[in-house]
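The values are calculated or read from the model by the stated rules, or taken from the named source; none is laboratory data. What you see is a predicted model; the values in this text were computed from it and never measured. Cβ placement follows ideal geometry from the backbone for every residue including glycine, while neighbour counts extend to all protein chains displayed. Heavy atoms of the whole protein, side chains included, go into the accessibility calculation; ligands, DNA and RNA do not. Shrake-Rupley method; radii C 1.70, N 1.55, O 1.52, S 1.80 Å.
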Amino acid sequence: MRQDDREPFDRALRRARVAAYAPGEFVGQESFMTAGEIRALGMRAGIGPGIGVLDLCCGIAGPGRFLTRELGCGYLGVDASPSAVALARDRAGDLPCRFAVAQVPPLPAEAFDVVLVLETMLAFADKDALVRAIAASLRPGGRFAFTLEAGPPLTAAERSAMPDADTVWLAPLDGIAASLERAGLLVTWQEDHSRAHRATARALAGAFAADAASIARQIGRRALDELLAAHRMWVEWLDAGRVRKLALVAERAPRRH
């Protein structure tokens, strides 16, 4: 299986993902967010008809396609994975969605009303540079809507235990708040999803374990074991309060006349 081949993973995990969420709450997301949380964050960010939205690290764009369908907007999803973008583009159908394959940053040379980063802030080691780039891409009065895995950086032991630890860069909330302020962004809304995401992570781990034989046949036992190990660590961290899961909206100050 090629390293960048998202379709087999998406196919192998879909049955378990559907089973892990309450009816209607799975919309193709590859995260702990529910459809209700995705919609609420989109509404808090003011997504609607005529609003230009940039979705960074969109993956197969389940949340982006859902928001476009539910709230209406002009949507551009960007991801570094060609296979993920191919799936997203295919599944968008007639929705007014655009997609691009690119590393982030830099960001597309356009101005947007809303920038989304859903469940992927932890993948950026240099969050200050990311926030500066996002602020520069927002129109005056634009909103940055994102989720945050807030906590101290991983210890050496945690890095050793966590699969793909090079994509897990936790950060304290006060550090992110300082980055936002330096970039001219003011937090206007914040909500703690830690308890809900702990339950979702536990449900996903259980569903993957229950469907282990089928999943392993499709993606291999090692990939399944790493998937289970990562989800069990998230359950432990959220249960102990080692990590908090937050949703936030930050606004760029309108231009003064």
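Keeping to the range 224-257, report how many residues are assigned to a helix (DSSP H, G or I), open to solvent by less than 30 Å² (accessible area, probe 1.4 Å) and aliphatic (A, V, I, L, M).
So the answer is 6.
For (1) on the phi > 0 side of the Ramachandran plot; (2) of a type in the set (Lys, Arg); (3) surrounded by fewer than 16 Cβ atoms within 10 Å (Cβ to Cβ); (4) within 14 Å of the chain's Cα centre (by Cα), each residue gets a yes or a no:
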position	(1), (2), (3), (4)
PRO108	no, no, yes, no
ALA111	no, no, yes, no
VAL117	no, no, no, yes
MET121	no, no, no, yes
ASP126	no, no, yes, no
ALA129	no, no, yes, no
LEU138	no, no, no, no
GLY141	yes, no, yes, no
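Got a number for residues in the range 77-90 being under 14 Å from the mean Cα position of the chain (by Cα) and free of Cβ contacts under 8 Å to residues at least 60 places away in the same chain?
Here the count works out to 4.
Within the range 160-171, take every residue that is open to solvent by 60 Å² or more (accessible area, probe 1.4 Å) and within 20 Å of the chain's Cα centre (by Cα) and give me the one that is farthest from THR34 (Cα to Cα). Break it down into steps so the answer makes sense when it comes.
If we filter the range 160-171 for residues that are open to solvent by 60 Å² or more (accessible area, probe 1.4 Å), which is where we start, we get 160, 164, 166-167, 169.
Those still in the list that are within 20 Å of the chain's Cα centre (by Cα) too: 164, 166-167, 169.
Working: ASP164: 24, ASP166: 26, THR167: 22, TRP169: 23 Å.
Among those residues, the one meeting the criterion is ASP166.
So that you can scan it fast, the table gives a plain yes or no per residue for (1) open to solvent by 70 Å² or more (accessible area, probe 1.4 Å); (2) part of a helix (DSSP H, G or I):
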position	(1), (2)
PHE144	no, no
GLU149	no, no
GLU158	no, yes
LEU180	no, yes
THR188	yes, no
HIS197	no, yes
THR200	no, yes
LEU204	no, yes
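Taking the range 14-39 as the search range and keeping residues that are in contact (Cβ under 8 Å) with a residue 60 or more places away in the chain, assigned to a helix (DSSP H, G or I) and open to solvent by 10 Å² or more (accessible area, probe 1.4 Å), which one is farthest from GLN103 (Cα to Cα)?
So, considering only residues that are in contact (Cβ under 8 Å) with a residue 60 or more places away in the chain, assigned to a helix (DSSP H, G or I) and open to solvent by 10 Å² or more (accessible area, probe 1.4 Å), the one farthest from GLN103 (Cα to Cα) is ALA19.
At least 1 residues that are open to solvent by 10 Å² or more (accessible area, probe 1.4 Å), closer than 21 Å to GLU7 by Cβ and not basic (Lys, Arg) in each: list the strands (runs of 3 or more DSSP E) lying fully within the range 50-101 that qualify.
Values: elements: 52-56, 74-79, 97-101.
Fully inside the range 50-101 and qualifying: 74-79, 97-101.
Tell me whether the range 66-76 contains one or more residues that are closer than 17 Å to ALA203 by Cβ and touching a residue at least 12 places away in the same chain (Cβ under 8 Å). Spell out the reasoning first.
Taking the range 66-76 first, the residues closer than 17 Å to ALA203 by Cβ are none.
No; the residues of the range 66-76 include none that is closer than 17 Å to ALA203 by Cβ and touching a residue at least 12 places away in the same chain (Cβ under 8 Å).
Is the range 91-105 home to any residue that is among the charged types (D, E, K, R), farther than 18 Å from GLY142 by Cβ and under 14 Å from the mean Cα position of the chain (by Cα)?
No.
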